[in-house]
Amino acid sequence: SGSLTVAELAEKLNKDSSEIIKKLMSLGVMATKNQDLDADSIELICGEFNVEVEEEVVVDETDLDVYINEEDAPENLQIRPSVVTIMGHVDHGKTTLLDTIRKTKVTEGEAGGITQHIGAYQVEENGKPITFLDTPGHAAFTSMRSRGAQVTDIAIIVVAADDGVMPQTVEAINHAKAAEVPIIVAVNKMDKEGANPDRVKQELMEYELVPEEFGGETIFVHLSAVKGEGIDDLLEMIVLVSEVEEFKANPNRAATGTVIEAQLDKGRGSVATLLVQNGTLNVGDSLVVGNTFGRVRAMVNDIGRRVKTAPPSTPVEITGLSDVPEAGDRFVVFEDEKKARSVGEARQQRKIVENRGDNTKVSLDDLFEQI
Ligand code: GDP
Ligand code: MG
């Protein structure tokens, strides 16, 4: 779109082609009359003739980033819960840790109980809510980030004290660093014979994760996920980091966020767990989710309770979408139902076209690993 031939540019500038060619030569560019000029050359030439180039800004209404990136005035921002992902080498205790936190912190008497699994849950530490992503931590980073979605505020890197730093530990550190999120190191399996937290600390120095006792700034917490020891320390540290970072969102706008997981349910149709990242999601809202769209028919929170609204950093399971989106897809609520439909249909259409020529695409599931 930004390209013009020498002759076309000459006409726009009310000059003769030869004048343009001369100017180009003086800039060290040899060109002919019918040659295409790139945007940089056009700007250079215009500069030479003292003409300002007005860039045409075309807003692609089907690009969800346009809505997601709409900035909020600072006075509309409020503190929101942090969203935490647990990563680390296989068998170092990620699943056990997530289960232990959930069991010890979600009140047993709550309706729906703790059997509900929606891919994320919220707990409270000293009255401060924390959202944990219960999905494969590495996948949350790799697949979601490759789609431009960043869902995590804080990364917990679990290292088994009897095993030390392993390849996936390093991978996890790299993901967290690439995402520029604060890291808390959880040295797990402290109950085990052969547990050697000092060795873990030594090994992590190589990756610039230096504990305070060695003059660094990285927070280390000692845990036994199976015995439930150190869980409160970990949660306290998460709250501490959250207070320093001051994660914020605007609860008073149309919601945007990311799909944590989704599947087709025989009775309920498309069921998707969404993490609300900005705004507040309401039952009845019209939304576009990845390449699908719909209206929020029903919304269930992480303890299986029906809710009508979901503020920032809340995970909820929704029904009402026309198709099943993918983990990592972003969603945007539109106040205008017709607009949601037209954007959704355009995206659905485009996806069909994109998929036709693309048989080599790796499915997101291929990238997922079980935690
Ligand atoms: P993941 O692969 O990182 O999710 O690891 P898991 O949570 O599945 O744990 C792997 C194994 O380590 C399981 O047998 C757990 O019971 C065990 N494990 C996890 N945390 C601890 C711990 O704190 N102490 C001990 N002794 N074993 C643990
Ligand atoms: Mg696991």
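The values are calculated or read from the model by the stated rules, or taken from the named source; none is laboratory data. This is a predicted model, so every value here is computed, not measured. No Cβ is skipped: glycine too gets one built from the backbone with ideal geometry, and neighbour counts run over all protein chains shown.
With respect to Thr95, is the statement that it is modelled with pLDDT of 85 or more, out of contact with any Lys or Arg (no Cβ under 7 Å at 6 or more places or on another chain) and within 16 Å of ligand 2 (Cβ to nearest atom) true? Quick ask: steps written out before the conclusion?
Working: modelled with pLDDT of 85 or more: yes; out of contact with any Lys or Arg (no Cβ under 7 Å at 6 or more places or on another chain): yes; within 16 Å of ligand 2 (Cβ to nearest atom): yes.
It is true that Thr95 is modelled with pLDDT of 85 or more, out of contact with any Lys or Arg (no Cβ under 7 Å at 6 or more places or on another chain) and within 16 Å of ligand 2 (Cβ to nearest atom).
Do we find that Val283 is over 23 Å from Ser82 (Cβ atoms), of a type in the set (A, V, I, L, M, F, W, C) and free of Cβ contacts under 8 Å to residues at least 40 places away in the same chain in this structure?
yes
From Glu203, Glu236, Glu261, Glu208, grab the single residue that is among the acidic types (Asp, Glu), at pLDDT 95 or above and outside any helix (DSSP H, G or I). First the steps, then the outcome.
Numbers: Glu203 fails: outside any helix (DSSP H, G or I); Glu236 fails: outside any helix (DSSP H, G or I); Glu261 fails: at pLDDT 95 or above.
Glu208 is the lone residue from the list that is among the acidic types (Asp, Glu), at pLDDT 95 or above and outside any helix (DSSP H, G or I).
With respect to Val90, determine if the residue is under 28 Å from His175 (Cα atoms), among the β-branched types (Val, Ile, Thr), out of contact with any Ser or Thr (no Cβ under 6 Å at 6 or more places or on another chain) and not in a helix (DSSP H, G or I).
In short, yes.
All but one of (1) on the phi > 0 side of the Ramachandran plot; (2) not in a strand (DSSP E or B) hold for Val324, so report the exception by its number.
Among (1) on the phi > 0 side of the Ramachandran plot; (2) not in a strand (DSSP E or B), the lone unmet condition for Val324 is (1).
Give me the pairs, please: first residue somewhere in region 1-16 and assigned to a helix (DSSP H, G or I), second residue anywhere and modelled with pLDDT of 90 or more and hydroxyl-bearing (Ser, Thr, Tyr), beta-carbon distance under 6 Å, and either six or more positions apart or on two chains.
Correct list of pairs: Val6/Ser17; Ala7/Ser17; Ala10/Ser17.
Residues in region 167-189 that are in a helix (DSSP H, G or I), closer than 21 Å to Ser242 by Cβ and either within 16 Å of ligand 2 (Cβ to nearest atom) or without any contact (Cβ under 8 Å) to a residue 12 or more places away in the chain (or both): how many?
2
Can you report the number of residues in region 312-347 which are in contact with a Pro (Cβ under 9 Å, 6 or more places away or on another chain) and surrounded by fewer than 19 Cβ atoms within 10 Å (Cβ to Cβ)?
Summing the residues that are in contact with a Pro (Cβ under 9 Å, 6 or more places away or on another chain) and surrounded by fewer than 19 Cβ atoms within 10 Å (Cβ to Cβ) in region 312-347 gives 0.
For region 133-150, check the following and say yes or no: at least one residue is in a strand (DSSP E or B) and modelled with pLDDT under 95. Walk me through it before giving the result.
At the first step, the residues of region 133-150 found to be in a strand (DSSP E or B) are 133.
Now narrow it down to the ones that are modelled with pLDDT under 95: 133.
The answer is yes, given that some residue of region 133-150 is in a strand (DSSP E or B) and modelled with pLDDT under 95.
Which residue out of Glu52, Glu75 is modelled with pLDDT under 90 and not β-branched (Val, Ile, Thr)? Please lay out each step first, then the result.
Details: Glu75 fails: modelled with pLDDT under 90.
So the residue among Glu52, Glu75 that is modelled with pLDDT under 90 and not β-branched (Val, Ile, Thr) is Glu52.
What residue, of Glu208, Glu246, is away from ligand 1 (no atom under 16 Å from the Cβ), at positive phi and either without any contact (Cβ under 8 Å) to a residue 40 or more places away in the chain or buried (at least 19 other Cβ atoms within 10 Å of the Cβ) (or both)?
Glu208
When the residues of region 55-107 are narrowed to those that are over 29 Å from Val332 (Cα atoms) and among the acidic types (Asp, Glu), which ends up nearest to the chain's Cα centre (by Cα)?
By that ranking, first place goes to Asp99.
Scan region 30-62 residue by residue and report those that are surrounded by 13 or more Cβ atoms within 10 Å (Cβ to Cβ) and farther than 17 Å from Glu8 by Cα.
Thr62
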